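Chemist: Quick one: the structure is below, and I'll ask about it shortly.
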Amino acid sequence: MSKILIKDAKLVNEQEILERDVLLNGTYIERIDPLISDENAAVINIEGSYLLPGIIDDQVHFREPGLTHKGTIATESRAALAGGITSFMEQPNTKPQTTTIEALEAKFQRAKATAFANYSFLFGGTNTNLEELKRLDKLACSGVKLFLGSSTGNMLVDDELVLEEIFKNTDMVISAHCEDEATIRKNLSEYMDRYGDDIPMEYHPLIRSSEACYLSSSKAIALAQRTGARLHVFHVSTAAETALFTNEIPLSEKKITAEVCIHHLTFTDEDYARSGSRIKWNPAVKLASDKEALWEALKDDRFDIVATDHAPHTLEEKQQPYVKAP
């Protein structure tokens with residue numbers, strides 16, 4: 001039977017929630033109405049549960065190639081589907097890094113063979129691959145990723161002349177991980193002087209601090225405004241940063257957009273005592289006041305998308321001392 005009738009759904013779409021039945025015919029939605037009857041359809045009564053369109057996750061790390069002990073395109077895309085995510089955009093910090101057109105094309109071939117969901121990939125900008133970046137077909141990937149603060153994979157771009165050229169010459173979305181590297185290194189050095197490698201996890205948001213986030217995000221936005229580049233700021237984590245984004249123009253007209261992640265909307269620095277390195281992310285989870293400000297920015301449309309930043313590690317890796325734990 002190719003028809004499926006979903007009964008008693010709370011249909012979420014276009015900023016409203018409607019109580020509707022939904023009739024599916026094969027891979028198509030045939031009808032949406034308050035009350036549908038079809039004797040040829042298999043009936044699934046979801047009893048008032050929410051029915052959402054397939055979700056797009058604009059930031060995931062599926063670890064293939066080179067880090068497949070953590071996860072693969074197949075395993076993580078299946079997990080995505082289980083959570084209602086039907087399309088994903090995967091990041092370039094794999095091994096090898098996705099910083100050449102050859103590596104990008106190889107990822108697409110892997111996904112074609114193994115992905116369970118719709119897919120695209122970001123191309124990684126570096127201090128040395130500007131010419132390769134200029135050769136990119138803007139329809140061949142979902143944008144350029146810049147790590148303005150080092151994170152897993154160490155793809156830091158810190159040459160300001162190169163950054164200027166990337167922003168000037170990139171005719172597609174530039175997605176940025178914004179944390180100021182100099183600030184982080186200074187903070188880390190101070191805590192390592194006190195604790196060595198085994199820094200208590202609750203100091204993570206003081207090492208990868210609010211100051212580091214705001215300084216980097218504000219610099220990236222100023223550079224985008226000066227060059228006319230299209231900038232998307234990943235995983236905003238501080239109250240101060242929310243003031244950098246606007247809700248005064250339609251999304252379709254924005255040249256600077258912002259993302260917030262589930263974990264920054266869920267946890268605060270108080271949770272490090274209980275969860276330790278299991279909630280060690282970059283950027284770090286911060287104060288309750290930051291979390292509250294992120295929710296406000298999401299509700300008033302200063303944020304344009306919610307993402308997971310799904311990035312698997314093994315439990316053994318996460319249980320290492322602070323400096324080594326990813």
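FYI, it's all coordinate maths here, none of it is from the lab. Quick caveat, the model's predicted, so the values are computed rather than measured. As a convention, Cβ positions derive from the backbone with ideal geometry for all residues, glycine included, and neighbour counts pool all protein chains shown.
Chemist: Whole Å is fine, so just give me how far the alpha carbon centre of segment 125-145 lies from that of segment 210-230.
Modeler: 19 Å
Chemist: Cα gyration tensor of segment 55-318, axes a ≥ b ≥ c as square roots of the eigenvalues: rounded (a/c below 1.5), prolate (a/b > b/c) or oblate?
Modeler: Values: a/c = 1.31, a/b = 1.15, b/c = 1.15.
The shape class here is rounded.
Chemist: Cα to Cα, under 27 Å, and not fewer than 8 places away if on the same chain: which lysines meet these conditions relative to LYS219?
Modeler: LYS134, LYS138, LYS145, LYS168, LYS186, LYS254, LYS255, LYS280, LYS286, LYS291, LYS299
Chemist: At 0.36 nm per residue, and after removing the present C-alpha to C-alpha distance, how many nm does the segment from GLU181 to ASN25 gain when stretched out fully?
Modeler: Numbers: separation 156, 0.36 × 156 = 56.16 nm, distance 5.25 nm.
Gain in length upon complete extension: 50.9 nm.
Chemist: Here is a further query. Quick check: pseudo-label points 7 Å beyond the Cα along Cα→Cβ at GLU14 and SER2, how many nm apart are they?
Modeler: It works out to 2.7 nm between the two label points.
Chemist: Per-residue ellipticity at 222 nm for the chain, helices alone: DSSP H runs ≥ 4 residues times -39500 (n - 2.57), over residue total, nearest 500 deg cm²/dmol?
Modeler: Working: 12 runs with 105 residues, N = 326.
Taking each H run of at least 4 residues, the total per residue is -9000 deg cm²/dmol.
Chemist: Pick from GLU160, GLU47, GLU316: which is most flexible by mean-square fluctuation in a GNM of the chain where alpha carbon atoms under 10 Å apart are linked?
Modeler: Comparing GLU160, GLU47, GLU316 in a Gaussian network model of the chain, the most mobile one is GLU47.
Chemist: Among ASN154, ASN169, ASN13, which one shows the biggest mean-square fluctuation in a GNM of the chain, springs joining Cα atoms closer than 10 Å?
Modeler: Answer for the Gaussian network model of the chain: ASN13.
Chemist: Next question, about the same structure. Return the FRET efficiency for the residue pair GLU165, GLU248: r is the Cβ-Cβ distance, R0 is 45 Å, and the value is rounded to the nearest 0.05.
Modeler: On the way: r = 31 Å, r/R0 = 0.68.
The value I calculate is 0.90.
Chemist: Specify the residue with the greatest mean-square fluctuation among THR126, THR183, THR27, computed from a Gaussian network of the chain linking alpha-carbon atoms under 10 Å apart.
Modeler: Result for the chain, Cα springs under 10 Å: THR27 fluctuates most.
Chemist: When only Cα pairs under 8 Å and 6 or more residues apart are kept, what is the percent relative contact order across segment 3-51? The partial results should precede the final answer.
Modeler: Numbers: 102 pairs, mean separation 23.5, N = 49.
Over segment 3-51, the number comes to 48 percent.
Chemist: Counting DSSP beta bridges with both partners in the chain, what percentage is antiparallel, nearest 5? Let's see the in-between values first.
Modeler: Details: 14 of 45 bridges.
About 30 percent, rounded to the nearest 5.
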